[in-house]
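I have placed the structure first, in the form of structure tokens, so that the comments after it can refer back to it.
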Amino acid sequence: MRVLVVEDEHDIASVLLDYLRHAGFEAEHIADGRAALARLQADPPDLTLLDVMLPGLDGLSILRRLRPHDSHPVILVTARVEELDRLLGLELGADDYICKPFSPREVVARVRAVLRRSRPAADAAARPALVLGAQDWSASLLGQPLSLTRREFRLLQALARQSGRLFSRAQLLDLAYEDTQDVNERAVDSHIKNLRRKLAAAGPGREWIRSVYGVGFAFDPAPEPG
Ligand code: CA
């Protein structure tokens, strides 16, 4: 699998390349935005780690020019956690977001997770972990029935419909409530907390709903590699 690291900070790029190669990936590095766009248009890799702030052309402009013709997985890397919320709202079509400073180990795990999700053929062969019955509000995880409130059901349905995608609290409010007048984003946190407890009871030993601090939540059905 080929991973392209688009990053103008050479120290960071060099650490990432080391970790990715050690994990068995073919990793390449480009430091300039325009060169990266040219390369991505000519020969997209299996996954790109795309820094937002770049010389030449920034990561968001690169992603805008690539999508929607190109759907290869892209993980956006940002230096500011406050920026994540704005990025999510832009609906750029990134597959995941990583905030600096990061641990290279975590980056490799996220690269693996995104690559796994982007191979639908392999996923389809496996038994679906989560089954939702929209008619009767029934839900089961790994064959275990889940007893969910309607609110929890709708939140889980919204998350699972685009599993792996990170949703902000505001987006989840819109998706799970007909009328968002009387509810605030804290309500989402409390429903997610309950959902996590119920999911953990049915499928223990792993985190089904990933949270990004201060930003939002994603449903992650793919098991992490041991
Ligand atoms: Ca940068």
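The values are calculated or read from the model by the stated rules, or taken from the named source; none is laboratory data. As the structure is a prediction and not an experimental result, all values here were calculated from the model. Reconstructed Cβ throughout: ideal geometry from the backbone, glycine too, with neighbour counts over all protein chains shown. Note: areas computed on protein heavy atoms with side chains; ligands, DNA, RNA excluded. Shrake-Rupley method; radii C 1.70, N 1.55, O 1.52, S 1.80 Å.
Computed values, structure above
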quantity: Net charge of neighbours whose Cβ lies under 13 Å from the Cβ of L90, counting Lys and Arg as +1 and Asp and Glu as -1; calculated: -1
quantity: Summed residue charge, Cβ within 11 Å of V52's Cβ, Lys/Arg positive, Asp/Glu negative; calculated: -2
quantity: Sulfur and carbon atoms: percent of accessible area, the stretch 122-219 [1.4 Å]; calculated: 48
quantity: Carbon and sulfur %, accessible surface of the stretch 2-118 computed with the full protein complex present, 1.4 Å; calculated: 51
quantity: Whole-Å distance, taken between Cα centres, linking the stretch 1-63 and the stretch 181-210; calculated: 34
quantity: Mean shadow area of the chain over all directions, Cα convex hull, nm²; calculated: 13.1
quantity: With at most 10 neighbouring Cβ atoms within 10 Å, loop GluC sites (Glu not before Pro) (DSSP) excluded, longest segment of the chain; calculated: 1-90
quantity: Length-normalised contact order for the stretch 2-118 - Cα pairs under 8 Å, 6+ apart - percent; calculated: 24
quantity: HN-Hα J in Hz across the stretch 146-161 - Karplus 6.51, -1.76, 1.60, θ = phi - 60°, x for Gly and Pro; calculated: 10, 9, 10, 6, 4, 5, 5, 4, 5, 5, 5, 4, 5, 5, 6, 4
quantity: Vicinal HN-Hα couplings computed from phi for the stretch 43-58 (Karplus, 6.51 cos²θ - 1.76 cosθ + 1.60; Hz; Gly/Pro x); calculated: 7, x, x, 6, 7, 10, 9, 10, 5, 6, 8, 9, x, x, 8, 7
